[in-house]
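Following: one structure in structure tokens, then a few remarks.
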Amino acid sequence: MVPTGEAEVEDESALARERRGTAPDLAALYAQHRGAMYRVAYATLRPSGMEASAEDAVSGAIVSIMRNGLPTNIGNWEAFLVKVVKRKAQDIVKSATVQRAGPPLDDLQGRKADVDVGEEAAEQVDLERRVVLLRTSLDMLDERQRLVAVDYIGQERPRAEIAAKLGVTPARVSQMKLEVLKLLRAAMAGREDQR
């Protein structure tokens, strides 16, 4: 075949490369398809507000291809390059999302940065100890007082409901509540002193 124009020479060299199974020059592919690569990178990054990273996506894709080498069995080089650039742009978006997503680490732990972890642990242990003391102190109450302690104080049921169960007035339930609290405080203080 005698070349009659520049297009036929390009086609002839592409056919010759395909027959030999060798990849074309990456610089020539970049020059030929860079417009499409930049458009795809920009379009992929635009919804995330990261259009400025389009050049990073294209250069990252080219570097990746240089490291791995050009495949020899590609039918459409533009589609291949655009696909690599799009994946690189998606990687940029994903990595930026991970870096910026979520609440501050303090919020993830449920405490502020200025709270001492040791102090927090000591408070939790103290709370658990007081709960155990309260449970053992409930044993010293009679059945009516225990009902007031558990239902009225602990579960915050209506005073009228407790009064109906006990057959007393709501005012008497309030008096019993004060008596129960006084007894429990004294019992817990006595047990704490024993330890």
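Conditions (1) over 27 Å from the mean Cα position of the chain (by Cα); (2) farther than 15 Å from ASP25 by Cα, marked per residue:
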| residue | (1), (2) |
| --- | --- |
| THR44 | no, yes |
| GLU78 | yes, no |
| LYS83 | yes, yes |
| LYS86 | no, yes |
Open item on the list: Within the range 36-112, considering only helices (runs of 4 or more DSSP H) that don't extend past its boundaries, which have at least 1 residues that are among the hydroxyl-bearing types (Ser, Thr, Tyr) and at pLDDT 85 or above?
Closed with: 54-68
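The values are calculated or read from the model by the stated rules, or taken from the named source; none is laboratory data. The structure displayed is predicted, hence computed values, not measured ones.
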